[in-house]
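Notes for the one structure printed next.
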Amino acid sequence: MSPVIKKKGEKFTLPSKYLLFILTIICSIMLVVTYVTDIFDKPLSYAVNYIIVPYQKGISAIGSRLSAKKDELVMIADLIEENEALKAKVSELEDENTRLMQDKYELNNLRALFELDAAYEGYKKTGARVIYHDASNWFSNFIINKGSEDGIELNMNVVAGNGLVGYVSMVGPNWSRVTSIISDNTNVSGTVLYSSENLIVSGSLELINQGVISYSQLLDSKETVGEGDKVVTSNISDKYLPGILIGYIQTIENDSNNLTKSGLLIPAVNFENIEEVLIILDQKMNITDKDIEEAEKLE
Amino acid sequence: MKRTIISIVIIITSFVLQGTLFKALDFGNVSPNLLLIIVVSMGLMKGQRTGLIAGFFSGLLCDVFLSPYIGFYSIVYMYLGYMAGSFNRVFFPEDVKLPMALIAGSDLIYGFTCYAFMFLLRGRLNIGYYMLHVCIPECVYTMVVTVILYPALLWIHKRLEKGERKQEKKFV
C-alpha cells in the first residue's frame, strides 16, 4: 500500500522521502532561476534584513567593544610614556608640515599642469563596518552594515585604506554583500601604473594563504614592467573605476606561449583583519539600452 | 511548537556565530562549521524529516547571504541532514562515537562537494591542496567544537523530550 494514503483519524504527514525529493526539485529550480535572473534577491534580502542582520550587528558590536576594551587596558601604561615622546615630535612635525604644505601646493600645480585629475580623492565615499564574514572557508566575501537605505547600489566599488577591496554584489535595505578581489572566483582588469600595460588580476584561495594573488595576460612587449610596480584598476573594466590601487607586482614570469606574462601580486589591502571599509558612491558610467535609444533619437 | 522555535533560534545563533566569533578564532584561515553540527545532530536525534528541514533552512541562510546562486548550500545541507536522520534508529543518547563519526564524515563530504562544484568545475585541479588546507583542518576544528557543543544540544533535546512526554500523558 502506498504510504501517502490517508488512514481514518490519522494526521496526514508527507513521508520524508517525498519531502526530500520535492525540496531538491525546488532547490534546483531556484539555482537555475537565480543563475539566470535575480528576482529572488529582493524579497529574500528584505526577509533576512529584519531577522538576522540586527543580530549580526549586535554580536559584532560586542566583539569590537570587547577587543577595544582589551586594547585600552594594555595601552594605558604605554600611553603615558608615549605622550612625552609625542609632544616633542609634534613641534618637529609642525615644522615639517609647513614644508610639506608647500610641496603639496607645488604638486597640485604640477598635476593641473599635467591635466591629471586627482580623481581618486575626488570620489564621494561612505564608511561601513564589516559585520559578518563568509561562514564557509572557501571564499572571502563579507557583509557590511549599510544598504540601499544608505544609498548603496549594486556594483559600487569598495576600498579600504588606499587599496581596492572589491565590489558590492548584493544589496539589502541595511546590509550588503561585498565580493572581495581575493575570492577565488573574481577577476579584475588592471593596469600597470607607469607602463600602462593591461593585465588580469585573479583571486586565488591557494595563493592568498601566502598573502598574494595572481595576475596573468600581461603583454609587456617592451619589457618595461618591473617587480614592485604599482597595479591599478584599468579604464576598460566594466565595474571598477579607473586608477584604484590593487597592489604591487611581486614576481614576473614568461608564459609558455612567449607572448604574455603572469606572476604574483601583493594586494595593497590587508584582508586578514578588515573591519571598516569605504564604499565609493560614484559608479562607473555604463552604456545602457536606454542611452543607445536616446543616442539614436538624436541622430 | 516549542521545539521548532528553539531549533530556529539555535540555527540562527550558530549561523551568526560562525561568521563573527569563530572567524575571529580561526586557525590558518579555517573556522569550524557550526551549522553542520546542528543539522547532523538534529537529524540524528529526531529523524530524517527534521534533519532535512533543518538542513534546508540552514543552507538557505548560507545561500542568501553568501552565495551568488540560491540553492547550492540548501541541497548540500539538506542531504546531509537526511543522511544523518537515517541513523536515528541506532541513536542512543549515551553514545558519543556515532555522532562524532557522523559529523566528521558529513564535514568531509560537505568539503568535497564544495570543492567539486565550486572549484573543480572552474578548473582548479589541485585537489590535494584544498583537501589538506581547507577540508581536513575544517573537519578537525569542527570535531573539537562538537565535543563542547554536542552535549549542550543533547541536553536541550532531553529537556524538550521530557516536556513532550509529559504533555502526551496529560493528553491521554
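The values are calculated or read from the model by the stated rules, or taken from the named source; none is laboratory data. What you see is a predicted model; the values in this text were computed from it and never measured. Glycine gets a Cβ as well: all are built from the backbone with ideal geometry, and neighbour counts include every protein chain shown.
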### Residues of region A:55-69 satisfying the condition of being of a type in the set (D, E, K, R) and closer than 14 Å to A:ALA128 by Cβ
A:LYS57
### Task
Report, by residue number, each residue of region A:247-290 that is more than 22 Å from A:ILE182 (Cα to Cα), loosely packed, with under 11 Cβ neighbours inside 10 Å and either aromatic (Phe, Trp, Tyr) or without any contact (Cβ under 8 Å) to a residue 40 or more places away in the chain (or both).
A:SER256, A:ASN257, A:ASN258, A:MET285, A:ILE287, A:THR288, A:ASP289, A:LYS290
### Query
Any chance region B:132-142 includes a residue that's buried (at least 20 other Cβ atoms within 10 Å of the Cβ), more than 20 Å from B:PHE27 (Cβ to Cβ), within 8 Å of chain A (Cβ to nearest Cβ) and over 15 Å from the mean Cα position of the chain (by Cα)?
no
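Take the residues in region A:215-245 that are in a strand (DSSP E or B) and not charged (D, E, K, R), then tell me which one is farthest from the other protein chains (Cβ to nearest Cβ).
Of all residues in region A:215-245, those in a strand (DSSP E or B) come to A:215-218, A:230-233, A:245.
In the following step, the residues that additionally are not charged (D, E, K, R) were identified as A:215-218, A:231-233, A:245.
Numbers: A:TYR215: 17, A:SER216: 13, A:GLN217: 16, A:LEU218: 20, A:VAL231: 23, A:VAL232: 26, A:THR233: 21, A:LEU245: 24 Å.
That would be A:VAL232.
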### Task
Please give the strands (runs of 3 or more DSSP E) falling wholly within region A:131-214 in which 3 or more residues are more than 12 Å from the chain's Cα centre (by Cα) and hydrophobic (A, V, I, L, M, F, W, C).
A:198-202
#### Entry: Restricting region A:180-196 to residues that are away from every other protein chain (no Cβ under 14 Å) and surrounded by fewer than 21 Cβ atoms within 10 Å (Cβ to Cβ), the residue that is nearest to B:LEU120 (Cα to Cα)
A:SER189
### Query
Which number in (1) of a type outside the set (A, V, I, L, M); (2) at positive phi; (3) at pLDDT 90 or above marks the one condition that B:GLY123 misses?
(3)
### Query
Does B:THR146 satisfy being closer than 29 Å to A:VAL32 by Cβ and of a type in the set (S, T, N, Q)?
no
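Condition first: facing another protein chain (nearest Cβ under 10 Å) and either surrounded by fewer than 22 Cβ atoms within 10 Å (Cβ to Cβ) or under 24 Å from B:SER41 (Cβ atoms) (or both). Can you find one or more residues in region B:84-99 that meet it?
yes
If a residue must be of a type outside the set (Ser, Thr, Tyr) and at the interface with another protein chain (Cβ under 8 Å from one of its Cβ atoms), how many such residues does region B:1-32 contain?
The total comes to 12.
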### Criterion: assigned to a helix (DSSP H, G or I), facing another protein chain (nearest Cβ under 10 Å) and at pLDDT 90 or above - qualifying residue of B:GLY105, B:GLY111
B:GLY111
### Residue list for region B:69-79, restricted to those being closer than 13 Å to A:THR24 by Cβ and in contact (Cβ under 8 Å) with a residue 12 or more places away in the chain
B:PHE72, B:SER74, B:ILE75, B:VAL76, B:TYR77, B:MET78, B:TYR79
### Query
Are any residues in region B:110-131 out of contact with any helix residue (DSSP H, G or I) (no Cβ under 6 Å at 6 or more places or on another chain) and surrounded by fewer than 16 Cβ atoms within 10 Å (Cβ to Cβ), and if so, which ones?
B:PHE112, B:ALA116, B:PHE117, B:LEU120, B:LEU121, B:ARG122, B:GLY123, B:LEU125, B:ASN126, B:ILE127, B:GLY128
### Query
Restricting attention to region A:34-68, and to residues there that are within 8 Å of chain B (Cβ to nearest Cβ) and touching a Phe, Trp or Tyr at 6+ places or on another chain (Cβ under 8 Å), which single residue is surrounded by the fewest Cβ atoms within 10 Å (Cβ to Cβ)?
A:TYR35
### Query
If you go through region A:148-159 one residue at a time, how many are touching a residue at least 60 places away in the same chain (Cβ under 8 Å) and surrounded by fewer than 21 Cβ atoms within 10 Å (Cβ to Cβ)?
3
### Message
Between B:LEU36, B:LEU44, which is more than 9 Å from chain A (Cβ to nearest Cβ), under 19 Å from B:CYS135 (Cβ atoms), buried (at least 22 other Cβ atoms within 10 Å of the Cβ) and in contact with a helix residue (DSSP H, G or I) (Cβ under 6 Å, 6 or more places away or on another chain)?
### Response
B:LEU36
